[in-house]
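Since the structure comes first, as structure tokens, the remarks are kept for the end.
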Amino acid sequence: MTTDILELNDCIVLIEHSNTTKTIVQKCEIDGDALGFAFYGSGNVELEIKHNNQTKYLMNTTGLAICFFGNQKVEFSHKIEPDKPLQSISIFTKLKNLNSLPQAEKEIFENYLPQLLRPKEHFVKGPSFYMTLEMQLAVQKIFNTSYTGNARLLFLKSQVNELLAHFYALLASEKKPDLSETDKNKLFQAKEIVTINYSSPPSITQLSQMVGLNSNKLKKNFKELFGIPVFKFVQEERLNKAYELLRESEKTVQESAWEVGYESLSSFSNAFHKKFGMRPNEVKQQFFSNKS
């Protein structure tokens, strides 16, 4: 586990990365009453929360953004599963710091996060979202930057501010889909299926049969719940995996494209460039230059 710790205005920012072949349990505590935001770029992480002789569990998976209140009486444990690289960005600020925010930001917290400003327990979970493509790109930039020194610090701060701005925008425009818990569970099951089978995903018809939702409802509600259509989500998973292969393995650009399900190298290169702003071969060259 590697962790960068930044100070941003009145916030503490933890940028964490882990790639392990064994399960890791990372414990942490909060000093005083604080608001927290967490953005998960990759990995499936079980968050264990203990307070008042209670234990709660939250499963945070790739692409989720969450917010919560916690204090010094809460013990947090991140359980990181093997072979599922973790990339997470956590932002903490003391409740008392909110008094010094500009009025526009104060109104966001008052209007959309009142349960966190006036918590009734030692831990309170706030709204969570599937990150927009802009948020996912900001996370990718944070973990992939090659800047060093003060330039890196300034760049990371700008991207963290962008993530928070996008989160606030989602709060302000949140439209909660009218879904039963049963349907939500089926949609999360569908998301898990296409996440695992991103290189050769089932068709919408096959997926609807697998989770027990009709095709139209699956397409409509998947986008409402996660903010992205099913096969756009699959494409994002493919490209994220391809980036990982190019950075972390000896596979060629062609081999990486085939492994994630692209038959056309030009289609792969264009989609990759559109998402990351770099061609696959540029990432590969960067990987070899860093190794040497």
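Results, tabulated for the structure shown:
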| item | result |
| --- | --- |
| Sites Ile193 and Glu121, calculated FRET efficiency, Cβ-Cβ separation with R0 35 Å, nearest 0.05 | 0.55 |
| Stokes-Einstein diffusion coefficient of segment 137-195, Kirkwood radius over Cα pairs, 25 °C, 0.890 mPa s, in µm²/s | 171 µm²/s |
| Segments 149-155, 112-118, 234-240 sorted - mean Cβ within 10 Å per residue, highest first | 234-240, 112-118, 149-155 |
| Relative compactness, segment 118-165, computed as alpha-carbon Rg over 2.2 N^0.38 Å | 1.52 |
| Stretch gain in nm, segment Lys274-Met210, where the contour uses 0.36 nm per residue and the Cα spacing is subtracted | 19.9 nm |
| Convex hull of the chain built on C-alpha atoms - directionally averaged projected area, nm² | 16.4 nm² |
| Surface accessible to a 1.4 Å probe, per residue, for the residues of segment 217-292, Å² | 53 Å² |
| Which of Val160, Val283, Ser199, positive extreme of dipole for the chain (C-beta unit charges) | Ser199 |
| Descending principal axes extents, segment 152-267, alpha-carbon based, whole Å | 44, 38, 21 |
| Flagged links, alpha-carbon separation over 29 Å, of Lys27/Lys96; Lys219/Lys274; Lys56/Lys184; Lys27/Lys217; Lys22/Lys241; Lys125/Lys284 | Lys27/Lys217; Lys125/Lys284 |
| Residues whose placed amide H lies under 5 Å from that of Leu8, excluding near-sequence neighbours | Val13 |
| Accessible-area composition of the chain, carbon plus sulfur, in percent [1.4 Å probe] | 48 percent |
| Shape box of segment 114-214 [Cα atoms, principal axes, largest first, Å] | 53, 42, 25 |
| Mean ellipticity per residue at 222 nm, deg cm²/dmol - from DSSP H runs of n ≥ 4 across the chain, formula -39500 (n - 2.57) | -14500 deg cm²/dmol |
| Residues with amide H under 5 Å from that of Ser42, placed H, sequence gap 5 or more | Gly63, Gln87 |
| Size of charge dipole - the chain - debye, nearest 20, with Cβ of Lys, Arg +1 and Asp, Glu -1, no other charges | 380 debye |
| Normalised per residue, the volume of the convex hull around the Cα set of segment 1-150 (Å³) | 121 Å³ |
| Length-normalised contact order of the chain in % [C-alpha pairs under 8 Å, at least 6 apart] | 14 percent |
| Heavy-atom accessible area per residue - segment 86-161, 1.4 Å, Å² | 51 Å² |
| Pair Asn52, Asn185: separation of 7 Å Cα→Cβ label points (nm) | 2.6 nm |
| Under the span-like rule (Cα at least 24 Å along the axis, Kyte-Doolittle mean at least -0.5), DSSP H helices of the chain | 149-172 |
| Under 5 Å, built H, 5+ apart or other chain: amide partners of Thr145 | none |
| Added length on full extension, which subtracts the Cα-Cα distance from 0.36 nm per residue, Glu110 to Ser249 | 45.4 nm |
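The values are calculated or read from the model by the stated rules, or taken from the named source; none is laboratory data. These figures come from a predicted structure and were not determined experimentally. Cβ sites come from the backbone with ideal geometry, for glycine too, and all protein chains shown count toward neighbours. For accessibility, only protein heavy atoms count, side chains too; no ligands or nucleic acids. Shrake-Rupley method; radii C 1.70, N 1.55, O 1.52, S 1.80 Å.
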